[in-house]
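Only one structure is covered here, and it is reproduced in the block below.
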Amino acid sequence: MLWNDAYSTGHPKIDRQHKQLFETVEELLVSDATCEDKDIITNTLLFLMGYAMNHFYTEEDIMRKCEFSQYAEHKEKHDKFIDAVAGLVKEYNTTDLASLDTPLREFVIAWLRDHVTGDDKVMAEEYLEWKKINNGDSN
Ligand SMILES: [Fe+2]
Ligand SMILES: [Fe+2]
């Protein structure tokens, strides 16, 4: 999946991090991880683990700052994402990599479609409204 400006939340730091995720997912999608090159699955899982910690920290900080009305639901989705990645890592250690390829692709595509370009936009919209009123900084 390629980044499109329509996916922008309007928050520069969140968008930078989202673009990074799109790039990583695109590398996975264009690869043929079921054949010889298994590194792509390893790299994607490693990236997702680090990314989730860092990116969710950024978003949850912003949500707390503006007292986002859907904080609990949004955070729950982040927590579920972390659990799902942990589940994939566990499978990675116990099954052959080829069988992980399709679930991983489906998982990241669904996340981009439902959360990044859906829930995150709702959150950023409320934050930007809050910022307008409170003149907070955009980091
Ligand atoms: Fe996000
Ligand atoms: Fe989020």
message: Positive end of the dipole of the chain, charges at C-beta (+1 Lys, Arg; -1 Asp, Glu), about the Cα centre: which of Ile133, Val85, Thr95 has its Cα farthest in that direction?
response: Ile133
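Could you grab the relative contact order for the chain? Cα pairs under 8 Å, six or more apart, rounded to a whole percent.
Details: 100 pairs, mean separation 53.7, N = 139.
Once normalised by length, the contact order is 39 percent.
Quick one, can you get me the convex hull of the C-alpha atoms of the range 85-139 expressed as volume per residue in Å³?
Values: hull volume 4.9 nm³, N = 55.
In the range 85-139, the Cα hull volume divided by residue count equals 89 Å³.
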query: For Lys65, Lys121, what ranking results if the residue with the fewest other Cβ atoms within 10 Å of its Cβ goes first?
result: Lys65, Lys121
query: If you look for lysine pairs in the range 20-126 that are eight or more places apart or on different chains, how many of them have Cα atoms under 18 Å apart?
result: 6
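Calculate the dipole size of the chain relative to its Cα centre from +1 charges on Lys and Arg beta carbons and -1 charges on Asp and Glu beta carbons; express the result in debye to the nearest 20. Can you show the working numbers first?
Working: 15 positive and 28 negative charges, 87 e Å.
Around 420 debye, computed over the chain.
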- prompt: In percent, how large is the relative contact order of the range 23-93, given Cα pairs closer than 8 Å and 6 or more residues apart?
  reply: 31
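Just so you know, all these numbers are worked out from the coordinates, no wet-lab data involved. Computed from a predicted model, the values in this text were never measured in an experiment. Every residue, glycine as well, gets a Cβ built from its backbone with ideal geometry; the counts of neighbours run over all protein chains shown.
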